[in-house]
Each structure stands twice: as structure tokens, then as C-alpha cells.
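Read the structure below first, then the notes.
The values are calculated or read from the model by the stated rules, or taken from the named source; none is laboratory data. Model, not experiment: these values are computed from the prediction. Here the Cβ positions follow ideal geometry from the backbone for every residue, glycine too, while neighbour counts run over all protein chains shown. Just the protein is used for accessible areas: all its heavy atoms, side chains included, with ligands, DNA and RNA removed. Shrake-Rupley method; radii C 1.70, N 1.55, O 1.52, S 1.80 Å.
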Amino acid sequence: MDSPEPDTPFSAVTAQTTKYGRMFQSYLDKSTPFTTYRWIGTAVLVFCFALRIFVAQGWYIVAYSLGIYLLNLFLAFISPKFDPSLEADEGMEDGQAGGGALPTQEEEFRPFVRRLPEFKFWYSTTKAVAIGFLCSWFEVFNLPVFWPVLVVYWLILFGLTMRRQIQHMIKYRYVPFTVGKTRYAAK
């Protein structure tokens, strides 16, 4: 038996949005194991966005804003959830030296846990590119800017933030990627 009909227009709209929200979440949940296909779809969307910007010769501020946001997401993706430098500062306050280093052979194993999990990284990236693509169709977002300055500024920002992140990785001895790590076969 179906649920009773809502008696106000607001409750009818709420019921419909809840229904569509559950359907959308169901599709998101079903897409979780298909990492490669999800990222291929996002790459196609990024290609369409880049093609739109290139062909239209405009909306550079939208592309720049998207680039800054994606850089921020990527930094959160490669950063550990529990920052060793913050733990080192807490260790110094307690009078312990070297409290922030990752465990060595003698210490307990702690796996790398990302600040931003892969699925949320993909979902936020896809949403941002879709919003950027949508914004590139409205003239109000086509602000007149000298795009080479934005490109140079973004490259400098990218270089500085990645250098700082790589120095952090080297200092605290962690690798956020599974490529090249030792894998042990199950017996």
C-alpha cells in the first residue's frame, strides 16, 4: 500500500525531492566500485569544458576558479587525515621529541588515511566541472581578463603548493599513492 497523499503543496514537493534524492544516492552508491569508469566520465567532462573554453575564447575566470578549486581538492586528496606535523607540535608541548614522525619498523603500523577520500574527491571534482561547464554558457560569467596572467599565476601557485606538499611528504615519510608500494600476496 502506498503512503497517503500529502495534503499541502510544500509536502508534495518535499516528498518528490526526497524520492529523487534517494534515487540519485542509489546511483551514486552503485557507481562506487567502478573507479576507472567514473574517472573516465569525469575526464570526458573536463575535455568538453576545455573544448568549450578554447572554442568560445572566453570564460577564463571560470576556468581559473575551477583550476584553483581542483588544486585545493587535490591537495586535500594527497594529504593525510592525521597530519604528522600537528602531532609533532603536540608532542613538543608534552615534552616528547619527534612525536610527529610516521611509525618505523619497531612501531605500530598506521595506514595512510586521506583527508579527502577518493570517492568524495571524484564527486566534488565532477560537480565542480559540471558547474563550471554550465557557467560557461552564460555571458554574465564571461569577465574580460588577460588570460596569460591567470595561467602564470596558477602555475606559480601550483608549483609553490606542490613543492611544500612534497617537502611535507619527504619530511614525514609518507606516500599517498599505492603505485610502487610493496604488495603482499594472500596465502
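Length gained on full extension, Thr126 to Phe141: 3.4 nm, using 0.36 nm per residue less the C-alpha separation.
When nucleic acids and ligands are ignored and a 1.4 Å probe is applied, Val149 ends up with an accessible area of around 90 Å².
Modelled label positions at Thr14 and Cys48, each set 7 Å beyond Cα in the direction of Cβ, lie 3.4 nm from each other.
In this label model, Met162 and Ala185 are separated by 3.6 nm, measuring between points 7 Å along each Cα→Cβ vector. The amide H of Arg114, built 1.01 Å from its N in the peptide plane, has Lys81 as neighbours under 5 Å, considering only residues 5 or more places off or on other chains.
Extending 7 Å from the Cα toward the beta-carbon at both Ala56 and Thr35 defines two label points whose distance is 3.3 nm.
Given a Förster radius of 45 Å and the C-beta distance between Val152 and Tyr27 as r, what FRET efficiency does 1/(1 + (r/R0)^6) yield to the nearest 0.05?
Details: r = 40 Å, r/R0 = 0.89.
Taking R0 as 45 Å, the efficiency between Val152 and Tyr27 is 0.65.
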